[in-house]
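A.B. asks: The structure that follows is given in the form of structure tokens.
The values are calculated or read from the model by the stated rules, or taken from the named source; none is laboratory data. Just so it is clear, the structure is predicted and the values come from calculations on it, not from any experiment. Backbone-built Cβ (ideal geometry, glycine too); neighbour counts: all protein chains shown.
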Amino acid sequence: MSALKTAWFSCWYAIAFLTRIPTPNLSKALTENNQTISQCSLYFYPLVGMVIGLALFFIYAVFSWQVGQTTTVFHSSSLLIAAFILSVWCLITGGLHIDGLADAGDAWVGGYGDRQRTLDIMKDPTVGPMGAMLVVLVLLVKFAALVVLVDTLNGFLLFGALMVIPMLARFSILPLFYFTPYVRDKGLGSDIKRSISAGLLLLTTVICAVLSVIFLQQKALFVFIIFTVIFVWARRIMMQRIGGTTGDTAGALIEVQEALLLAALVL
């Protein structure tokens, strides 16, 4: 398979894996080049974040236009718009990262500091009270931040925020996998981690940084700082507790990044 075809199928694979957006049938391509396509798909994670951002801004644009057509515009309409944006945000990913957040939350509390117990709890499909509480708190932060963003930002800056935040959150998986051991030999990310190229990681970093500056303008530097702090902190506690990362902790990182970076934009 040529490099162009590999990139094409890898992009669709990333969209199919990270979202519920309909994609072309990839069964034949995966049968012939499953490992190559899954490994290359990681570099398209930031692009998938931007696709999600486009969908979110479309929801904002539709409801803002509808509100603008009414004779009486209530200030509280931003609450409804933010609720629809957050609902689509959750539905478009199929709750994939929320599931990882809940599993990681249960494991970190129920593991009592023990590595193997923590890993065992993360494999449990049921959700405990700590995981549920963490999901509610993260979604609450997202919702509150979206309300403020809808109220205070103009169209372009809101468009930039909705594009950049999902992009950066998914970009964080690349440095996480590159710099952090994957603790499950047969886990979903074990093969992907081994395929990450330092050169492509650097290129992806530069592209994401440039896009962030274009869309967020003067807020970009502050967002970069918060992004780095969250990443370093998350990686540190992963290393301390389980000696690396898993698919669940990677999903939890995405959710935490999205919530806190949104909050950072309104500070």
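A.B. asks: Of the residues Asn33, Asn25, only one is part of a helix (DSSP H, G or I) and among the polar types (S, T, N, Q); which? Break it down into steps so the answer makes sense when it comes.
C.D. replies: Details: Asn25 fails: part of a helix (DSSP H, G or I).
Asn33 is the lone residue from the list that is part of a helix (DSSP H, G or I) and among the polar types (S, T, N, Q).
A.B. asks: Among the basic types (Lys, Arg) and closer than 16 Å to Leu253 by Cβ: does that describe Lys142? Spell out how you get there, then give the answer.
C.D. replies: Details: among the basic types (Lys, Arg): yes; closer than 16 Å to Leu253 by Cβ: yes.
For Lys142, the condition - among the basic types (Lys, Arg) and closer than 16 Å to Leu253 by Cβ - is met.
A.B. asks: Inside segment 213-240, can you point out the residues that are of a type in the set (Gly, Ala, Ser) and farther than 18 Å from Arg115 by Cα?
C.D. replies: Step one: filter segment 213-240 for residues of a type in the set (Gly, Ala, Ser), giving 220, 234.
Selection gives Ala220 alone.
A.B. asks: So if I check each of Leu134, Leu139, which one is of a type in the set (A, V, I, L, M, F, W, C), touching a Gly at 6+ places or on another chain (Cβ under 7 Å), at pLDDT 95 or above and part of a helix (DSSP H, G or I)?
C.D. replies: The match here is Leu134.
A.B. asks: Kindly provide the set of residues from segment 210-267 that are under 20 Å from Pro181 (Cβ atoms), β-branched (Val, Ile, Thr) and surrounded by fewer than 19 Cβ atoms within 10 Å (Cβ to Cβ), ordered by number.
C.D. replies: Correct list: Val232, Ile237.
A.B. asks: Checking the conditions here, which among Leu91, Leu101, Leu54 is surrounded by fewer than 16 Cβ atoms within 10 Å (Cβ to Cβ), under 18 Å from the mean Cα position of the chain (by Cα), at pLDDT 95 or above and under 19 Å from Ala252 (Cα atoms)?
C.D. replies: Leu91
A.B. asks: Can you list the helices (runs of 4 or more DSSP H) lying wholly within segment 148-267 that have 1 or more residues being without any contact (Cβ under 8 Å) to a residue 40 or more places away in the chain and under 19 Å from the mean Cα position of the chain (by Cα)? Show your work before the answer.
C.D. replies: Numbers: elements: 155-171, 173-179, 190-194, 198-216, 220-242, 247-265.
It comes to 173-179, 190-194, 198-216, 220-242.
A.B. asks: With the condition kept exactly as written, say whether any residue in segment 116-124 is farther than 22 Å from Met239 by Cβ and more than 16 Å from the chain's Cα centre (by Cα).
C.D. replies: Scanning segment 116-124 turns up at least one residue that is farther than 22 Å from Met239 by Cβ and more than 16 Å from the chain's Cα centre (by Cα).
A.B. asks: A follow-up question, please. For Ala82, are the conditions met, namely being among the small types (Gly, Ala, Ser), within 21 Å of Thr249 (Cα to Cα), in a helix (DSSP H, G or I) and at pLDDT 90 or above? Steps first, answer last, please.
C.D. replies: On the way: among the small types (Gly, Ala, Ser): yes; within 21 Å of Thr249 (Cα to Cα): no; in a helix (DSSP H, G or I): yes; at pLDDT 90 or above: yes.
No.
A.B. asks: Let me ask something else about it. Go through the residues of segment 24-46 one by one and say whether even a single one is in contact with a Lys or Arg (Cβ under 6 Å, 6 or more places away or on another chain), surrounded by 13 or more Cβ atoms within 10 Å (Cβ to Cβ), under 21 Å from Ser195 (Cα atoms) and in contact (Cβ under 8 Å) with a residue 60 or more places away in the chain. Show your work before the answer.
C.D. replies: Initial filter on segment 24-46 (in contact with a Lys or Arg (Cβ under 6 Å, 6 or more places away or on another chain)): 45-46.
Applying the additional criterion that residues be surrounded by 13 or more Cβ atoms within 10 Å (Cβ to Cβ) yields 45-46.
Within this subset, residues satisfying the condition of being under 21 Å from Ser195 (Cα atoms) are 45-46.
Now narrow it down to the ones that are in contact (Cβ under 8 Å) with a residue 60 or more places away in the chain: 45-46.
Yes, because at least one residue in segment 24-46 is in contact with a Lys or Arg (Cβ under 6 Å, 6 or more places away or on another chain), surrounded by 13 or more Cβ atoms within 10 Å (Cβ to Cβ), under 21 Å from Ser195 (Cα atoms) and in contact (Cβ under 8 Å) with a residue 60 or more places away in the chain.
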